[in-house]
Amino acid sequence: MKIAVEGCMHGDLDIVYQTIQHVERLNGIKIDLLLCCGDFQAVRNARDMESLNVPPKYREMKSFWKYYSGQEVAPIPTIFIGGNHEASNYLWELYYGGWAAPNIYFLGFAGVVKFGNIRIGGLSGIYSARDYHLGHHERPPYNERTIRSVYHVREYDVHKLMQVEEPIDIFLSHDWPLGITDCGNWQQLVRHKRHFENEIRERTLGSKAAAQLLEKLRPPYWFSAHLHCKFAAVVQHGESGPTTKFLALDKCLPRRKFLQIIDIESEPGPYEIQYDEEWLAITRKFNPIFPLTFKNANFGGTQLEMQDCQQWVRSRLQARGPKPFEFAQTVPSFDPSQPDSNNSYFDYPRNPQTESLLQLLELPYLLDSVSESRVPTHGPTPLIQGGIDLLYWKKLGIPDKFLQHESSSVEYSEEIPIDDADEVEEFAEIDDVETGNE
């Protein structure tokens, strides 16, 4: 099986697919699958742009809307994870994973799927210690704080991935596992990225959560992006344990190393994306009582052992088949002939794929705006439009220091910086490219 791996997409689907087709023609090969390591930017219309965490001057429609609308169809199956520059309102519709467009599959905030007999896992977002232990409290429309925190990795999702026991062949994360530079030529890396040296020496470059998963899952291949450079490493797990080949790739720009082709042994095709039985069992067993939190996850549930839960899922998949539920449009696509018509809707719909998957697993739907089910309050700058009562947030495990006690609204402390340090460098890089300094 030949797999193309791409770093940060940044909405340039046309360019990446054209590059893959050029590689196929040049080498006389057929690529079976494309994997994207985040910053995919599945922007369907102008309204989605409001949930895209990039400075306004960098907000562009790019090309995803053509694939969402059906004007174009992805030439090869594509699987992607989320990064830290996404249309988060759309990805939230597909929290558990699903088709973002025909032949383009979002792995979810955390997820595992099968492609042929290859198991592919992934974790969306980037690590932030200040948000890691909080639940998924953000809901669209996002404010200045939540448009950034919504893509921060949560302990709940990592804990579910830590339950995976069956071998994973490929794992995707947007940011690098912490300490991965120890296993590669970091001296060469810092010659090209000088500002990385202090973080490498201080062991702050990368994600603690990803490092934890790397040690637990030990996949043969691990791919990342985020830092906009190519870096390879080999991780030896114990003296006689397995090895993981790690590769980070650049963003899609001319003369940048953003694409890699790998060849993996597999059963003969044809290949298709399918639900993973073990992962659905984990999703069912670790069902949260309150919206998507680690602290309140129903770890016992019905006291089913994982084996029993997996057998239950197996019987359900045998009855309906393992293919994911079909793609469905939920909002209008961008229309270049009428660009001003794309802000005509104001709701945040449920995605039929997500509803169908939850019905299959007999789980409740927890993705709606939290404020819809709570008494609205009117404090200054509420975390969610309309506010929410403090008791509920305490149940979600949000520490008191993040709650405003003077009123019944919720607000993050002004002491917490709202800008991610990595974003400063990222957009400085973009400026360099545009001004010809790179």
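Points worth noting:
- On full extension, the segment bounded by A129 and S315 gains 63.0 nm, given 0.36 nm per residue less the C-alpha separation.
- The alpha carbons of the stretch 79-180 stretch over 42, 36, 21 Å along the principal axes, in descending order.
- Cβ-Cβ distance of H195 and Q18, R₀ of 30 Å, FRET efficiency by 1/(1 + (r/R0)^6): the value works out to about 0.40.
- Each Lys or Arg adds one and each Asp or Glu takes one away; over the other residues whose Cβ falls under 15 Å from the Cβ of E265, this sums to -1.
- Relative to the globular-protein estimate of 2.2 N^0.38 Å, the Cα radius of gyration of the stretch 58-131 stands at 1.18.
- Alpha-carbon centroid distance for the pair the stretch 211-278 / the stretch 121-184, whole angstrom: 16
- Set of the stretch 64-103 residues, backbone N closer than 18 Å to the point 7 Å along the Cα-Cβ line of A328: 68-70, 90-103
- Spacing of the modelled spin labels on H237 and N103, each 7 Å from Cα toward Cβ, amounts to 3.4 nm.
- Mean Cα-pair separation over length for the stretch 58-210, i.e. relative contact order, pairs under 8 Å, 6 or more apart, %: 21
- Of the peptides 319-325, 347-353, 114-120, the ranking by mean beta-carbon count within 10 Å, highest at the top, reads 114-120, 347-353, 319-325.
- E165 sits among other residues whose Cβ lies under 11 Å from its own Cβ, and their net charge, with Lys and Arg +1 and Asp and Glu -1, is -1.
- Put simply, the C-alpha atoms of the stretch 1-155 give a gyration tensor, and the ellipsoid matching it has half-axes of 27, 18, 13 Å, longest first.
- Working ranking of peptides 330-338, 73-81, 139-147 by packing, defined as the average number of other Cβ atoms within 10 Å per residue, highest first, is 73-81, 139-147, 330-338.
- Debye intensity ratio in log₁₀ form over the Cα atoms of the stretch 196-327, taken at each q of 0.21 Å⁻¹: -1.25
- Take every pair of alpha-carbon atoms less than 8 Å apart whose residues are at least six positions apart; their mean separation over the length of the stretch 1-85 yields a relative contact order of 39 percent.
- Each peptide in 176-182, 251-257 was scored by the mean count of other Cβ atoms within 10 Å over its residues; highest first, the order is 176-182, 251-257.
- Our compactness index for the stretch 93-245, the C-alpha radius of gyration over the empirical 2.2 N^0.38 Å, is 1.08.
- Under the Karplus curve 6.51 cos²θ - 1.76 cosθ + 1.60, θ = phi - 60°, whole-Hz ³J(HN,Hα) for the stretch 187-199, x wherever Gly or Pro sits: 5, 5, 4, 6, 5, 9, 10, 4, 6, 7, 4, 5, 5
- The Cβ shell under 12 Å around A210 holds other residues with a net charge of -1, Lys and Arg each +1, Asp and Glu each -1.
- With 10 Å bins from 0: P(r) over the stretch 149-221, alpha-carbon pairs, percent: 17, 45, 29, 8
- Using R0 = 22 Å, the C-beta based FRET efficiency linking C183 and K257 works out to 0.70.
- Links that overshoot a 32 Å alpha carbon limit, given the list K160/K193; K66/K114; K62/K285: K160/K193; K62/K285
- Among V158, H192, H174 - extreme Cα towards positive end, dipole of the stretch 151-209, charges at beta-carbon: H192
- Average accessible surface for the stretch 85-135: 17 Å² per residue, computed with a 1.4 Å probe over protein heavy atoms with every protein chain in place.
The values are calculated or read from the model by the stated rules, or taken from the named source; none is laboratory data. For clarity, every value in this text was computed on a predicted model and none was experimentally measured. Methodologically, a virtual Cβ is constructed for each residue, glycine included, from the backbone with ideal geometry; neighbour enumeration extends over all protein chains shown. Side chains included, ligands, DNA and RNA excluded: accessible areas come from the protein's heavy atoms. Shrake-Rupley method; radii C 1.70, N 1.55, O 1.52, S 1.80 Å.
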